[in-house]
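The block underneath contains the structure these notes are about, expressed in structure tokens.
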Amino acid sequence: MRRTAVALLFASLLVLPFATACSSDTTDDAKETVESAKDDAAEAADDATARGQAEALRASLKGNETADDEGVRSVSVLRQAADDLPGDPDVSGIDDGDGDGLDDDGKVQITVDDSSACVSLPETGEDIDVTDGDC
């Protein structure tokens, strides 16, 4: 009986390091999976926020009387609409290189962290398009 107990104790001491290593690897894998899921969720939230901000810009331009008069590419209208966006996103692409008061290429990019959405403005009318990603 004593010999069996010693043999069992010895066998468990041999197996214990391997069981612990498996458990440690499993724990590490689980932690990596959780971290990856957190990163994916944060990126998806940023994507949704950038898209939401771009949609808010579009809605603001469609409901703006000055935009009705001057056009949705009016630099003053675009800057005002951009200033009114909640959360202070990075708004880029409002350029008037030729000095006519209108945005040159009709592309305005909204960026939140590493995520962007692009607002495409027509030369005339209010057919504003919003797409995910950089302009």
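Being surrounded by 10 or more Cβ atoms within 10 Å (Cβ to Cβ), on the phi > 0 side of the Ramachandran plot and modelled with pLDDT of 60 or more is true of GLY93.
Quick one: count up the residues across the range 112-127 that are surrounded by 17 or more Cβ atoms within 10 Å (Cβ to Cβ) and over 15 Å from GLU70 (Cα atoms). Outline the logic, then answer.
Filtering the range 112-127 for residues surrounded by 17 or more Cβ atoms within 10 Å (Cβ to Cβ) gives 112, 115-119, 121.
Pick out the ones that are also over 15 Å from GLU70 (Cα atoms) and you get 112, 115-119.
Residues in the range 112-127 being surrounded by 17 or more Cβ atoms within 10 Å (Cβ to Cβ) and over 15 Å from GLU70 (Cα atoms): 6 in total.
Applying a threshold of 9 Å to beta carbon distances and a minimum spacing of six or more residues, or different chains, the list of pairs starting in the range 59-70 at a residue that is within 15 Å of ASP83 (Cβ to Cβ) and ending at one that is at pLDDT 90 or above and among the acidic types (Asp, Glu) reads SER60/ASP84.
Scanning the range 96-108 for residues that are touching a helix residue (DSSP H, G or I) at 6+ places or on another chain (Cβ under 7 Å) and either within 16 Å of ILE128 (Cβ to Cβ) or buried (at least 21 other Cβ atoms within 10 Å of the Cβ) (or both) returns LEU102, ASP103, VAL108. Counting only residues that are closer than 21 Å to ASP134 by Cα, part of a helix (DSSP H, G or I) and out of contact with any Pro (no Cβ under 7 Å at 6 or more places or on another chain), the range 51-92 holds 16 of them. Of the set (1) in contact (Cβ under 8 Å) with a residue 24 or more places away in the chain; (2) closer than 17 Å to VAL77 by Cβ, all apply to SER115 but (2).
If the condition is being within 19 Å of the chain's Cα centre (by Cα) and part of a loop (DSSP other than H, G, I, E, B), then the range 93-135 contributes GLY93, ASP113, ASP114, GLY133, ASP134, CYS135. Restricting attention to the range 57-76, the residues that are surrounded by 19 or more Cβ atoms within 10 Å (Cβ to Cβ), hydrophobic (A, V, I, L, M, F, W, C) and closer than 14 Å to GLU123 by Cα total 3. Of the listed requirements (1) surrounded by 13 or more Cβ atoms within 10 Å (Cβ to Cβ); (2) at pLDDT below 55; (3) of a type in the set (Ser, Thr, Tyr), THR4 misses just one: (1).
Which is among the acidic types (Asp, Glu), touching a strand residue (DSSP E or B) at 6+ places or on another chain (Cβ under 9 Å) and at pLDDT 70 or above, of ASP69, ASP88, ASP83?
On the way: ASP69 fails: touching a strand residue (DSSP E or B) at 6+ places or on another chain (Cβ under 9 Å); ASP88 fails: touching a strand residue (DSSP E or B) at 6+ places or on another chain (Cβ under 9 Å).
Residue meeting the stated conditions: ASP83.
The values are calculated or read from the model by the stated rules, or taken from the named source; none is laboratory data. A quick note: this is a predicted structure, and the numbers were derived from the prediction, not measured. In this analysis, Cβ positions are derived from the backbone assuming ideal geometry, glycine residues included, and neighbour counts consider all displayed protein chains.
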